[in-house]
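Before any comments, here is the structure.
Each value in this text was obtained by applying a stated rule to the coordinates, not by laboratory testing. Nothing here was measured: the structure is a model prediction, and the numbers come from that model. Positions of Cβ are backbone-derived with ideal geometry, glycine not excepted, and every protein chain shown enters the neighbour counts.
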Amino acid sequence: MNFDRINEKLSILADAAKYDVSCSSSGSKRQNQNKGLGNASMSGICHSFTEDGRCVSLLKILLTNHCIYDCAFCVSRKSNDVKRAAFTVQEVVDLTINFYRRNYIEGLFLSSGIFKNADFTMERLLLIAKKLRLEENFNGYIHLKTIPGASDELLKEAGLYADRMSINLEMPTEEGLKLVAPEKSHEDVKKPLGFIHQQRVEFNAERKLVKSTPTFVPAGQSTQMVIGATPENDMQIMYTANQYYNDFQLKRVYYSGFIPINHNDNMLPSIGTQPPLLRENRLYQTDWLMRFYQFDVTEILNKQNPHLDTDIDPKLSYALRNLHLYPIDINTADYHLILRIPGIGVQSAKKIVTARKFGKIYSYQLKRLGIAYNRAKFFMICADDQFQQKDLLGSQIKNRILSFSKSKYLKNQPNQLNLFD
């Protein structure tokens, strides 16, 4: 093996893979078997942070950065003057196993440019996963990218070896996609998403009858949208995300602020333009509200409010626009309503519902439960609170919250997701 050449390939193809953020480890329960390598359910994957603060890692590479497409936003576009490289199937297998044995990684995230055609590329991604599972007895986490246009037969077989599969939507709307990648279509994404979703439903139904039925993409599917390259507003972005969550039961939608990387593209922001990291953060917060706080997307974004606020999070923004729904009595309101109080998160809401079974809840108890009381007090009442804020306007409440929350709303690094209360 030519180690210098392998290192050069690794440098090129790992760097090219960094623009794909749609990798996650949650949801897989693949167990170590027959004294094999790795365990997907033990520690997760990729350079990310779990809910308990652990950092997990993976080998994140492209099989190749050669590509037959010329997407204006992509560093691997065929007209770009960049160094090209391609791994062989065995090189990726060997790298994964060697990195794992050295405790550098806990699994593999494998994507690729499309070379020759979709089936040719997908077949090689599948072969890597098969070799890892069957020849190397590797039980760690594997995330494969679905190649648009690949045959159903290849996708179905890949789903038997991968923990998660993902395919990038790229731009939030068909119109935006045509501006920067006229050769591509959202239909090319919907077809494989729909096929894999249907296969998951069928395999899960069969497993209820036959326990030996193999798992199929146990960690589900995800997708990614590039934000800021085309002119969609926040409402269009999140309505698209909501549609894909509903239609294909996706585990995650990822939002990637566009980073200008190509010269001479007048249709895109120029090199040197700062990526919209704060906007990306607000989109993730909205996504969080939809998935964990029981908000409908139309409550957060609509024709009257098509853009997210930049200075406050979307949950607080919703509350300020709907002051007629507040205050909420935390001693009588159901869990769903308590979740809508700014300053109260999912775990705090559950604690409140449990605690009030033993008696009325007072303000000092709420503070002990860990809620952001200085925010929540504007939108709730408890046993000893007569709601002194009832005569304040929304703008006054906002200014007061910002005045004592500057460290949260104004000083946070915008590229870090606040899992707000």
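For the chain, give the magnitude of the charge dipole about the Cα centre (Cβ charges: +1 Lys/Arg, -1 Asp/Glu; no others), in debye to the nearest 20.
1460 debye
Roughly how far apart, in whole Å, are the Cα centres of the range 186-215 and the range 227-245?
That distance is 26 Å.
Could you size up the charge dipole of the range 261-347 around its Cα centre, putting +1 on the beta carbon of Lys and Arg and -1 on that of Asp and Glu, and report it in debye to the nearest 20? Write out the running numbers ahead of the final one.
Working: 7 positive and 10 negative charges, 14 e Å.
Dipole size: approximately 60 debye.
Using only Cα atoms, find the angle between the long axis of helix 277-292 and the longest principal axis of the chain, and express it within 0 to 90 degrees, rounded to the nearest 10.
That helix lies at roughly 80 degrees to the long axis.
Residue by residue through the range 100-112, which ³J(HN,Hα) values in whole Hz follow from phi under the Karplus form 6.51 cos²θ - 1.76 cosθ + 1.60 (θ = phi - 60°), with glycine and proline marked x?
Once rounded to whole Hz, the list reads 5, 5, 8, 6, 7, 9, 10, x, 10, 10, 10, 10, 6.
Taking amide H positions as placed in the peptide plane 1.01 Å from N, state which residues far from S112 in sequence (5 or more) or on other chains have amide H under 5 Å from it.
Result for S112 returns L63.
I'd like the Karplus ³J(HN,Hα) series for the range 316-329: coefficients 6.51, -1.76, 1.60, θ = phi - 60°, whole numbers in Hz, and an x wherever there's a Gly or Pro.
5, 4, 4, 4, 5, 7, 10, 4, 5, 8, 10, x, 9, 7
Anyone know which of H66, H324, H336 comes out most mobile in the 10 Å Cα GNM of the chain?
H324
When the dipole is taken about the Cα centre of the range 73-223, and only Lys, Arg (+1) and Asp, Glu (-1) are charged at their Cβ, what size is it in debye, to the nearest 20?
About 280 debye.
For A229, list long-range residues whose amide hydrogen, built 1.01 Å from N in the peptide plane, is under 5 Å from its own amide hydrogen.
When sequence neighbours closer than 5 places are left aside, the close amide H contacts are F258.
Can you give me the P(r) profile for the range 114-255? Cα pairs, bins 5 angstrom wide beginning at 0, each as a whole percent.
That works out to 2, 10, 18, 20, 19, 15, 9, 5, 2, 1, in percent per bin.
Which residue fluctuates the most in the chain, going by a Gaussian network model with Cα springs under 10 Å, if the choices are Q304, Q221, Q249?
Comparing Q304, Q221, Q249 in the GNM, the peak value goes to Q304.
Rank S395, S57, S111 by mean-square fluctuation in a GNM of the chain with C-alpha springs under 10 angstrom and give only the top-ranked residue.
S395
What would the Debye equation give as log₁₀ I(q)/I(0) for the chain at q = 0.10, 0.13 Å⁻¹, counting only Cα atoms as equal point scatterers?
Once normalised to I(0) and log-transformed, intensities are -0.77, -1.16.
Rounded to whole Hz and in sequence order, give me ³J(HN,Hα) for the range 296-304 from the Karplus expression 6.51 cos²θ - 1.76 cosθ + 1.60, θ = phi - 60°, writing x for Gly and Pro.
8, 4, 5, 6, 8, 10, 7, 4, 6
Report the gain in length on full extension from V346 to K390: 0.36 nm times residue separation, minus Cα-Cα distance, nm rounded to one decimal.
Stretched out fully, the V346 to K390 stretch lengthens by 13.3 nm.
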